[in-house]
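Worksheet for the structure shown next.
Just so it is clear, none of the values below were taken in a lab; they were calculated from the coordinates. This structure is a prediction, so every number in the text was calculated from the model and none was measured. FYI the Cβ positions are ideal-geometry reconstructions off the backbone, even for glycines, and counts take in every protein chain you see.
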Amino acid sequence: MTPPVTEVQVRAGLGSDLEALTDIYNHYVRETALTFDVTPFTPEQRLPWLRSHPEDGKHRLLVAQDVRNVDETSGAAPRILGYATSSAFRPKAAYSTSVEVSVYCSPEATGRGVGTLLYSALFEALAGEDLRRAYAGITQPNESSVRLHKRFGFHHIGTYTEVGRKFDRYWDVSWYEKQLGPQT
């Protein structure tokens with residue numbers, strides 16, 4: 001069993017993180033059906049995505065970085081372990097109080113609590129925003145992601161069956177919902 005990461009800093013994503021974030025995402029593009037993108041991205045292609053997540057507001061990008069063994073005199077940046085986002089759920093104005101959330105961890109950081117740290121920070125940051133619901137689409141099977149989302153209060157609301165084709169097979173996507181803000 002991999003030990004948990006204990007020295008992790010979670011902060012807003014920066015332009016200087018783009019290459020590392022693209023590398024993490026491209027792993028999932030190339031190796032898994034967890035995203036339905038089928039062609040890896042260059043950092044330049046991911047720049048509009050990065051810019052759509054400012055440091056504050058409803059649509060955020062948070063990164064987790066490993067701060068162990070970072071020598072500040074060397075100028076080396078801490079290693080990015082993963083990221084979490086809250087993005088527009090749909091483009092129409094009436095959906096503005098809903099977000100779609102996701103979390104991606106580098107392969108060596110999965111199962112070490114990084115996703116939990118990222119989601120904790122993300123939902124804490126979103127607490128003061130004018131938001132009502134968070135949604136997550138999870139390609140099935142993905143029991144670890146289902147467990148993570150349930151831990152944060154998400155519940156299953158439906159499944160799109162065989163909605164995507166990747167690696168010459170069809171995949172289901174289960175949708176999970178979490179209430180944000182006070183109940184009415």
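Brief remarks follow.
- Theoretical gain in end-to-end length, Arg46 to Glu108 [0.36 nm per residue, Cα-Cα removed]: 20.1 nm
- Straight-line cross-link partners of Lys58 among the aspartates and glutamates, defined as a Cα under 14 Å from its Cα and at least 8 positions apart when in the same chain: Glu100, Glu124, Glu129, Asp130.
- Approximate spin-label separation Ser120-Val163, in nm, with each point projected 7 Å along Cα-to-Cβ: 3.0 nm
- Cβ-derived FRET efficiency at R0 35 Å, Asp130 paired with Arg30, nearest 0.05: 0.40
- The stretch 8-134: relative contact order in percent, alpha carbon pairs under 8 Å with at least 6 residues between: 25 percent
- Cα pair count fraction exceeding 19 Å, expressed as % - the stretch 26-149: 54 percent
- Proximal lysines to Lys150, defined as alpha-carbon separation beneath 21 angstrom and excluding residues fewer than eight positions away on the same chain: Lys178
- Take the Cα of Gln140, step 7 Å toward its Cβ, do the same at Tyr170, and the gap between the two points is 1.3 nm.
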